[in-house]
Structures are given as C-alpha cells and as structure tokens.
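What follows is calculated from the coordinates using simple rules that are stated; it is not laboratory data. These figures come from a predicted structure and were not determined experimentally. Every residue, glycine as well, gets a Cβ built from its backbone with ideal geometry; the counts of neighbours run over all protein chains shown.
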Ligand SMILES: [Zn+2]
C-alpha cells in the first residue's frame, strides 16, 4: 500500500496542530487531570464538552493517518532537516510564553530509545529466572576458570531456598571480589541486579560495606551508574560486564591509551559497550 500524498499528510498534521492549539484555551485544571484520569467529575455541561474534545484529539493522535504522517515527517526531517525552522516556537518566545512541550512524535516500540549502557544485542539469551540460578552458576563456573560465582550467605545455613533478594559473590583471582544483590518479584521470577559493590581480592568485608581502596570504591560507583541506566538489567548481561574486569590493571584506556591515568594513577575502571565491535571498552573515569 502506498503512503497517502504529502498534501493530505500535511493537512492531517495541520488539523491536529490546530485542534491542540485550540485545546490550550481549555480550563487549566481539566488539562492537568485529563492526562491522569479519564474519570473526571464533570460539574458543568461545558466541561464535558471540553473533555469530549480532548478525547477526540487523543483518538485522532493515535489514528493511523496521523501516525503515518508523523512518521513520514520524522523521516523527512532526519533525511534533510536543515532548512526547517520551527515558527511556532519562535512565536512563543516572542510572546514570552513558557516553552511549549515537544511536538507530538510517532509512538515507537518500547525496545527503542533505551538509555541502557548495556549491550542491546538482539541475540541476547532469555533473562534468567530465579529457579534457573543454581544451574546458571554451575555452568558459569565450568566455563570461566579464573572467575568464580557463588551464592553468599551471612551465616552457614542449611536452607536450600534462594533468598529474595539474594546476594551473589563473584571474584576474579587476584583482581577483585564483588557482591551482587539480585532480586525478583512475586509476579515475575526474572532476576534483576539491584546493586553491586567491589572490593580488593583479599579484603574481608561485608557486602554492604565499602572497600578501603579508592579504586574499588570508584568501581562500585561505576556499577551503580550502570545499573541506574537500566534498573531491570538481567544477571547474564551484568556478568559480561563483570568478566570484562579480568585484565582490569593492564587494560589500556581507549581514549588516552594509557593503563593508569596521568592524574591519580588510577586504572581504567569505566566500561563503555562498543556496539560495532561487541566488547567492553576500558576508560578512565577522568578521561
Ligand atoms: Zn584514559
């Protein structure tokens, strides 16, 4: 099916624009609550009229005609958006009105536009579920000779049940020890990594304390930053990051090409996922 002609797409967007501009004059309280709830206590006939118009705009915005036109406009702007000036915004600035919100964008699938700092590789394995953890640990230890993964327990306990959250201990010989807090919900047994702390390989510390060494404290902060970018990050994806620290003290920074940064003599503890080469690049935090 060929797309509708440009003229009719422009008309569809112009109509939408005009109806939104018109809605700006609606009572402020109605606009605020309309985005939160459809069940409005409507006190007067005129309010219900406004409310119906808002619903019509929302429906129109979701319609195929508008979505197709928005998508075409976005593609066109991407291809060559150099000479497009946004007169609407300029006009607003002149009138000293508060900045208007971004113009409507076509809906995009949820997997796009992620702020995650982890790999977005399509052939990712299915996220690990709590009941699969023991087998995963067994397999992981078989495949990694210099690393070790296990379940950490504060006291010797004979209970075979996995605690929620559970604390895992991951260590790389002579490089580091980390504690990972992983959890799942009653509705969804998928494990996600909540927090990770790093310590020196011979430090005897509790998971929720912090290292005596600044390099491991910086590393813990980096892990926090990574998790913050993707709060639902699964265990397997996080493990690829952890394994990239095997040569933590000998890897060169991709920016300055030094092992230790010029100031502070700290190793390159930051990791940036290289989508093209599919590996974790090392960086100094200060680079
Ligand atoms: Zn550097």
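Couple of notes before you dig in:
- Two-site label geometry, residue 186 and residue 210: point separation in nm, points 7 Å out along Cα→Cβ: 3.5 nm
- Simple spin-label estimate for residue 278 and residue 221 in nanometres, 7 Å along Cα-Cβ: 3.4 nm
- With the convex hull drawn around the C-alpha atoms of region 130-283, the volume per residue stands at 127 Å³.
- Label point at residue 243 placed 7 Å out along Cα→Cβ; residues across region 272-287 whose backbone nitrogen lies under 18 Å: 272-282
- Amide N proximity, region 162-180 versus residue 134 label position 7 Å along Cα-to-Cβ, cut-off under 11 Å: 162
- Residue order, fewest to most surrounding Cβ atoms within 10 angstrom, among 152, 280: 152, 280
- Label-to-label distance, nm, for residues given as residue 142 and residue 260 (7 Å Cα→Cβ offset): 4.2 nm
- FRET efficiency, residue 59 to residue 115 (Cβ-Cβ, R0 35 Å, nearest 0.05): 0.70
- The ranking of 132, 7 from fewest to most other beta carbons within 10 Å of each one's beta carbon is 7, 132.
- Sorted by Cβ density within 10 Å, fewest first, the residues 287, 253: 287, 253
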